[in-house]
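The values are calculated or read from the model by the stated rules, or taken from the named source; none is laboratory data. Note that the structure is a prediction, hence the values are computed from the model and not measured. Cβ sites come from the backbone with ideal geometry, for glycine too, and all protein chains shown count toward neighbours. Calculation scope for accessible area: heavy atoms of the full protein, side chains included, ligands and nucleic acids excluded. Shrake-Rupley method; radii C 1.70, N 1.55, O 1.52, S 1.80 Å.
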Amino acid sequence: MSEPVVHITNLTLKYRHKPVLQDLNWTIKRNENWLLCGASGSGKTSLAKAIAGLTHSYGNIEICFNPNNSSPALAYYVANWFQFKDLEGQSNFYYQQRYNKQAVETTATVKAELESFGGKHALEIKELDRILAALGFSALVNSTLIQLSSGEHKKLQLVKAIWLKPQLLILDLPYNGLDVASRQNLNLLLDEISATGSQLILISNDTELPACLDHFAVIESGKLIEIEADERSSYEIDLISDRVPAFINDFAIPKTDTEIIKMVDVNISYGDKQVLKNINWEVKSGEKWVLQGHNGSGKSTLLSLICGDHPQAYANNFYLFGNKRGSGESIWEIKARIGLISPELHWYFDPSATVAQSIISGFYDSSGLFCDPGYTKKAQADELIHYFGLTAYQNTLMNELPLGKQRLALLARTIVKNPELLILDEPCQGLDQQQTRHFNQLVDELCSHGTTLIYVGHFESQLPACIENRILLENGAVKTVENIFSIT
Amino acid sequence: MSNYFNTLPLREQLNQLGVCDFMDSSEFLDGVNALKGKKLVIVGCGAQGLNQGLNLRDSGLNVSYALRKEAIEGKRDSWKNATENNFTVGTYEELIPTADVVINLTPDKQHTAVVNAVMPLMQQGATLSYSHGFNIVEEGTQIRKDLTVIMVAPKCPGSEVRAEYVRGFGVPTLIAVHPENDPQGKGLAQAKAYCVGTGGHKAGVLKSSFVAEVKSDLMGEQTILCGLLQTGSILSFDKMVEKGIDAGYASKLVQYGVEVITEALKHGGVTGMMDRLSNPAKIKAFEISEELKDIMRPLFQKHQDDIMSGEFSRIMMEDWANGDKNLLAWRAETGETAFEKTPAADVKINEQEYFDNYTLMVAFVRAGVELAFETMVQAGIKPESAYYESLHETPLIANTIARKKLFEMNRVISDTAEYGCYLFDQACKPLLADFMTRVDTDLVGKNFNEGKDNGVDNRKLIAVNEALRTHQVETIGATLRKAMTAMKTIKTA
């Protein structure tokens with residue numbers, strides 16, 4: 001029972017010409033399930049891809065599958081990032097394209113995608129329903145891929161992996177973007193497949209994990225170190241630590257009673273599918289909100305209305321910064337007052353911009369920088385680059401950095417212009433817990449100067465302290481609106 | 001109606017052909033103000049119509065769509081596009097009489113019918129906007145004298161117009177005011193505001209004329225953009241099959257190769273594309289493209305001459321009148337070629353392999369781009385206009401081939417471009433017959449560098465680089481591309 005399944009000796013790997021793993025050794029024995037945690041950029045994703053044979057490395061990786069196991073003899077990797085293609089095999093999608101009705105029919109449906117996957121791996125269709133139900137995905141089978149939100153895309157990848165039940169399943173940040181119920185059910189499903197022939201390597205910095213995990217490791221200086229379960233938190237590194245840049249506190253926003261957002265019976269639908277139902281919501285200047293709801297409850301659609309990104313805004317009775325939408329304002333006037341980060345913004349962000357360009361582009365609300373920003377803006381961006389610990393990476397292209405670092409750059413971009421309204425849609429995806437805490441402290445500090453905040457986060461324990469109101473969506477409708485002090 | 005260009009004296013022909021001003025960003029400081037509060041009515045809601053409308057509305061302008069009654073009653077795609085994005089939609093009779101600006105974004109061929117239907121309904125002093133000048137210049141349509149006539153032509157497909165706008169940028173755009181129809185002198189201000197509304201002012205705007213736009217656009221699409229890509233693709237595929245290369249591989253190399261190769265062209269011009277080859281391959285590609293230029297120059301000149309004299313549009317309009325007999329027959333033939341009918345194999349071809357194994361296409365593209373550019377400039381078209389209609393658009397057309405091969409390319413481009421493409425292709429293949437007998441698989445299908453050492457003669461390489469880099473399409477291209485900073489990288493193959 002204890003023969004090695006994965007045997008790695010002297011693995012050395014470079015990511016974009018920089019050494020990441022150096023003579024790494026690792027043995028995974030039969031029936032062991034591992035958690036790989038630690039700092040962003042330490043090489044977790046690179047190691048996972050090397051084991052799955054998706055990236056080039058030096059050294060030796062041996063995988064001995066069990067011939068007596070009925071599960072597919074595969075090392076299957078579920079990426080922390082996802083990509084899908086249209087019916088012509090291309091993936092040149094653009095930001096918020098899914099809200100443009102004309103573009104919807106260019107991708108396959110979830111059902112067709114799953115059938116093709118099942119056909120390729122000869123999977124039993126009857127097994128699928130239960131998995132879909134457990135992850136709250138059943139209602140989406142007739143949607144097209146482009147209509148899915150980021151959390152739903154993530155789930156689709158997980159549905160496929162669990163359905164496949166490979167002998168070695170490698171999951172990279174699987175909880176990103178998942179709601180509470182889905183996270184719990186995912187853990188149950190993972191426990192279940194691990195009991196019936198799958199072994200897990202799970203990359204995560206989260207604390208709610210499947211019970212079957214029995215080994216823990218971090219990567220440090222390119223080598224793997226096995227640790228005890230309770231040692232995990234001490235291996236996080238401290239990136240955001242300095243004082244908040246002074247310019248952030250320079251101009252306080254006077255608190256007034258004006259309504260920043262006012263929605264009156266807002267409805268959004270695509271054909272028969274109603275995504276938002278009779279939304280009534282008011283946000284006053286200086287208020288701090290958390291927006292919650294299950295995956296697919298309509299959170300991203302609601303936020304896209306506020307950011308001027310949704311074409312159906314024009315058919316609704318809805319006010320932003322005191323003006324009715326569609327009364328002659330341009331979306332760039334709206335965006336100028338908002339600092340936004342979201343999974344979708346990150347997903348479609350210009351990958352060929354440098355870190356510094358990306359941060360400065362926050363002044364112009366563009367994805368990538370198209371003009372010379374001048375001295376003052378550069379200086380402000382510099383302060384944030386330093387604050388977020390990105391000095392060494394400021395001239396590096398975004399697509400050459402690991403996700404966690406990209407995310408820090410985009411967070412800096414979000415606040416660089418010190419906006420009136422901050423919309424933080426799962427801002428800390430890909431960050432470790434310490435970075436998340438620090439970022440939330442920064443948000444608290446920013447918001448103490450009158451900034452209005454709308455925060456989306458699936459982890460109750462990871463919200464900024466300043467949050468005072470909550471709006472909860474369920475199936476496109478407002479379920480509750482409440483003061484957060486009243487819930488315990 | 002007679003050909004407008006041919007009614008002009010030579011002095012005025014030259015004058016209009018020579019309108020070409022790459023506008024400074026300071027010319028757009030007035031934003032969308034010239035159109036603010038005005039009622040914009042777009043006729044037609046296809047890819048250009050819808051995406052331009054979405055952008056204009058998001059820029060704070062009042063946009064609605066006028067469609068034909070049948071399209072509304074039949075709930076056709078154009079009606080769905082507009083209503084599902086919450087635009088007001090109405091018939092011509094309902095919307096045109098109140099419009100300050102009528103934006104005609106229907107296919108070229110419908111222009112006469114659309115303009116005839118729309119013009120009597122338009123209010124005094126309103127503006128009519130085109131995105132292509134064929135109707136005015138070649139068909140010679142006369143517009144009521146009280147109306148202002150402008151052109152705003154984004155040089156990208158509709159989806160790109162939207163994609164670039166939502167990420168805070170835009171696509172290069174060409175604008176013009178028709179000198180016969182600018183009674184109030186407001187045409188330029190409105191065209192500029194329209195550009196700001198679609199985001200084009202951030203990516204470079206070229207002030208042109210109806211005449212210069214039509215004569216250069218027709219030339220580009222017939223020769224380098226569609227014609228030569230079609231000829232080059234078919235000849236390359238047939239050559240590989242003849243020489244025993246796997247047909248599935250050949251199909252994939254041809255289908256995606258032109259997109260990958262011209263992606264390098266988009267970012268770094270002809271120089272950037274040629275620099276992707278090894279030194280020996282670059283010298284070889286240079287030499288055969290010189291030969292190709294000599295062989296094809298008379299054909300390029302004939303196309304330009306026929307375009308200038310109006311002969312091309314005369315024979316094409318005859319075919320229109322004849323129920324598109326030629327066009328449909330040629331389209332069917334394209335659908336039947338071996339390349340079209342051979343599915344791409346499920347093999348992985350990495351990005352560099354498309355250059356190393358398809359040196360012939362690099363040579364075709366260089367020859368075609370330079371020839372089209374040179375021929376246009378010799379005919380009196382300004383280099384900036386010639387650049388947009390040759391080099392700039394090549395990657396965009398290549399992208400349609402990557403999607404679904406030549407049939408798709410011909411389906412997506414206008415009927416006018418498609419007609420010219422077939423004329424070129426039919427004449428070009430026999431011209432290249434002898435040349436093609438001398439082509440072997442080192443140029444198409446296999447790695448050119450295989451079995452060769454990488455050595456070259458210094459002086460020869462320097463001379464080749466010099467010739468490539470000092471060509472006028474490169475010097476003007478460097479300036480224009482600077483305005484298109486941070487162009488989106490297409491995810492190729």
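Taking the Cα atoms only, what angle lies between the long axis of helix A:433-447 and the longest principal axis of chain A, rounded to 10 degrees?
It is inclined by approximately 0 degrees.
For chain A, build the charge dipole from Cβ charges (+1 Lys, Arg; -1 Asp, Glu) around the Cα centre, then report which of A:L453, A:A134, A:Y375 sits farthest towards its positive end.
A:Y375
If R0 is 35 Å, what FRET efficiency do you get for B:Q123 and B:E318 from their C-beta distance, rounded to 0.05? Please report the intermediate quantities before stating the final value.
On the way: r = 36 Å, r/R0 = 1.03.
E(calc), rounded to 0.05, equals 0.45.
Send over the per residue convex hull volume for the stretch A:373-481, Cα only, as a whole number of Å³. Could you put the intermediate results ahead of the total?
Working: hull volume 14.7 nm³, N = 109.
Per-residue hull volume (Cα only) is 135 Å³.
Taking the highest mean first, how do the peptides B:422-428, A:220-226 order by number of other beta carbon atoms within 10 angstrom per residue? Numbers along the way, then the final one.
Details: B:422-428: 20.3, A:220-226: 14.7.
Output ranking for B:422-428, A:220-226: B:422-428, A:220-226.
Per residue, how big is the convex hull around the C-alpha atoms of the stretch A:1-84? Give it to me in cubic angstrom, could you? Intermediate results must be reported in sequence, preceding the final value.
On the way: hull volume 9.8 nm³, N = 84.
Spread over its residues, the Cα hull of the stretch A:1-84 gives 116 Å³ apiece.
How large is Rg over Rh for the stretch A:246-486, taking Rg from the Cα atoms and Rh as the Kirkwood inverse mean of 1/r across Cα pairs? Don't skip to the answer; put the middle values down first.
Details: Rg = 17.4 Å, Rh = 18.3 Å.
A ratio of 0.95.
Residue by residue through A:359-371, how many Cβ atoms from other chains fall within 10 Å of the Cβ on average?
4
Could you work out, for the stretch B:337-439, what percent of all Cα-Cα pairs fall into each 5 Å distance bin, beginning at 0 Å and stopping at the bin that holds the largest distance?
Reading upward from the zero bin: 2, 9, 13, 23, 24, 17, 8, 3, 1, 0.
Checking the table B:K341/B:K460; A:K335/A:K378; A:K417/A:K479; A:K111/A:K324; B:K36/B:K382; B:K80/B:K348 against a 30 Å threshold on Cα-Cα, which pairs fail? Write down the numbers at each step before the final one.
Working: B:K341/B:K460 42 Å; A:K335/A:K378 20 Å; A:K417/A:K479 34 Å; A:K111/A:K324 39 Å; B:K36/B:K382 33 Å; B:K80/B:K348 39 Å.
Violating the 30 Å Cα-Cα cut-off are B:K341/B:K460; A:K417/A:K479; A:K111/A:K324; B:K36/B:K382; B:K80/B:K348.
Using the Cα atoms of the stretch B:21-207, I'd like the radius of gyration and the largest Cα-Cα distance, Dmax, both in angstrom.
Cα only, the stretch B:21-207: 15.1, 46 Å (Rg, Dmax).
Quick one: putting +1 on the C-beta of Lys and Arg, -1 on the C-beta of Asp and Glu, what dipole do you get for the stretch A:309-416 around its Cα centre, in Debye to the nearest 20? List each step's numbers first, then the result.
On the way: 9 positive and 10 negative charges, 44 e Å.
In debye, rounded to 20, the stretch A:309-416 gives about 220.
When DSSP beta bridges are limited to those with both residues in the stretch A:4-235, what percentage is antiparallel, rounded to the nearest 5?
Numbers: 19 of 35 bridges.
Restricted to the stretch A:4-235, the bridges split so that about 55 percent are antiparallel.
Distance between Cα centroids, the stretch B:88-123 to the stretch B:24-71: provide it in whole Å.
14
Per 0.36 nm of contour for each residue apart, how much would the distance between A:A246 and A:E468 grow if the chain were fully extended, relative to their Cα-Cα spacing? Walk me through the intermediate numbers first.
On the way: separation 222, 0.36 × 222 = 79.92 nm, distance 2.57 nm.
Between A:A246 and A:E468, full extension yields an extra 77.3 nm.
If you count, for every residue in B:78-84, the Cβ atoms of partner chains within 10 Å of its Cβ, what is the mean?
3
Distance between the C-alpha centers of the stretch A:264-317 and the stretch B:382-459? Whole Å please.
One Cα centre to the other: 48 Å.
Strictly over 20 Å apart at the Cα level, which of A:K49/A:K154; A:K277/A:K299; B:K109/B:K325; B:K39/B:K192; B:K39/B:K109 would you flag in this model?
Values: A:K49/A:K154 18 Å; A:K277/A:K299 12 Å; B:K109/B:K325 15 Å; B:K39/B:K192 16 Å; B:K39/B:K109 26 Å.
Pairs exceeding the cut-off: B:K39/B:K109.
When the convex hull of the Cα atoms of chain B is projected onto a plane and the area is averaged over all directions, what value comes out in nm²? Don't jump to the answer; show the numbers that get you there.
Values: hull surface 91.0 nm².
Computed as one quarter of the Cα hull surface, the answer is 22.7 nm².
Measure nothing fancy, just the Cα-based angle from helix B:359-378's long axis to the longest principal axis of chain B, in degrees from 0 to 90, nearest 10.
50
Please sort B:49-60, B:273-284, B:108-119 by packing, taking for each peptide the average over its residues of neighbouring beta carbons within 10 angstrom, highest first.
Working: B:49-60: 25.6, B:273-284: 21.0, B:108-119: 17.0.
Peptide ranking by packing, descending: B:49-60, B:273-284, B:108-119.
Separation of the stretch A:1-70 and the stretch A:417-475 by C-alpha centroid, Å?
Taking the Cα centre of each part, the stretch A:1-70 and the stretch A:417-475 sit 35 Å apart.
How far, in degrees from 0 to 90, does helix B:187-198 lean away from the longest principal axis of the Cα atoms of chain B, to the nearest 10?
That helix lies at roughly 60 degrees to the long axis.
Would you mind estimating how fast chain A diffuses translationally, via Stokes-Einstein at 25 °C and 0.890 mPa s with the Kirkwood radius over Cα pairs, in µm²/s?
On the way: Rh = 23.7 Å.
The diffusion coefficient I find is 104 µm²/s.
Go through A:L421, B:T359, A:G151 and say which Cα lies farthest out towards the positive end of the charge dipole of the protein assembly as shown; charges sit on Cβ, +1 for Lys and Arg, -1 for Asp and Glu.
Highest projection toward the positive end goes to A:L421.
Under a point-charge model restricted to the Cβ atoms of Lys and Arg (+1) and Asp and Glu (-1), what is the dipole moment magnitude of the stretch B:212-483 relative to its Cα centre, in debye to the nearest 20?
Values: 31 positive and 43 negative charges, 92 e Å.
Roughly 440 debye for the stretch B:212-483.
What does the C-alpha gyration tensor say about the overall shape of the stretch A:2-44? Classify as rounded when a/c is under 1.5, otherwise prolate if a/b is larger than b/c, or oblate. Kindly include the intermediate steps, with their values, before the conclusion.
Values: a/c = 3.91, a/b = 1.69, b/c = 2.31.
Verdict is oblate for the stretch A:2-44.
Pull up the DSSP beta bridges for chain B and report the antiparallel fraction as a percent, rounded to 5. Each step should come with its number before you reach the end.
Working: 7 of 29 bridges.
Roughly 25 percent of the DSSP beta bridges within chain B come out antiparallel.
Using the Kirkwood radius over C-alpha pairs as Rh, can you work out the diffusion coefficient of the protein assembly as shown via Stokes-Einstein at 10 °C, viscosity 1.306 mPa s, in µm² per second? Walk me through the intermediate numbers first.
Working: Rh = 30.5 Å.
Diffusion coefficient, whole number: 52 µm²/s.
Would you report the distance distribution of C-alpha pairs in the stretch A:4-235 as whole percents per 10 angstrom bin, up to the bin with the largest distance?
7, 31, 34, 22, 6, 0
If you take the charge dipole of the protein assembly as shown about its Cα centre, with +1 on Lys and Arg Cβ and -1 on Asp and Glu Cβ, which of A:Y95, B:W330, B:L277 is farthest toward its positive end?
It is A:Y95.
Roughly how many percent of the accessible protein surface of the stretch B:212-483 is carbon and sulfur, given a 1.4 Å probe and a whole-percent answer?
51
Take A:A73 and A:L188, extend 7 Å from each Cα along the Cα→Cβ direction, and tell me the distance between the two endpoints in nm.
For the pair A:A73/A:L188, the computed spacing is 3.4 nm.
Want the number for A:E115 to A:H215: 0.36 nm per residue separation, take away the alpha-carbon distance, what's left? Each step should come with its number before you reach the end.
Values: separation 100, 0.36 × 100 = 36.00 nm, distance 3.49 nm.
Taking A:E115 through A:H215 to full extension adds about 32.5 nm, to one decimal.
Once you average over the residues of B:56-62, how many Cβ atoms of partner chains fall within 10 Å of each Cβ? Before the final figure, lay out the partial values.
Details: counts 1, 6, 10, 6, 9, 2, 2.
Counting other chains' Cβ atoms within 10 Å and averaging over B:56-62 gives 5.
Expressed as a whole percent, how much of the Cα-Cα distance distribution for the stretch B:212-483 exceeds 30 Å? Present the calculation step by step, with values, prior to reporting the outcome.
Values: 8904 of 36856 pairs.
Result for the distance tail: 24 percent.
Evaluate the charge dipole of the protein assembly as shown about its Cα centre and quote only its size in Debye, nearest 20, assuming +1 on the Cβ of each Lys and Arg and -1 on the Cβ of each Asp and Glu. The partial results should precede the final answer.
Details: 95 positive and 119 negative charges, 123 e Å.
Rounded to the nearest 20 debye, it is 600 debye.
Take B:S414 and A:E228, extend 7 Å from each Cα along the Cα→Cβ direction, and tell me the distance between the two endpoints in nm.
7.6
Could you give the nm distance between label points at A:A139 and B:I462, where each point is 7 Å from its Cα heading toward the beta carbon?
7.2
Looking at the stretch A:246-486, what % of its DSSP beta bridges pair antiparallel, to the nearest 5?
On the way: 21 of 39 bridges.
That works out to approximately 55 percent antiparallel.
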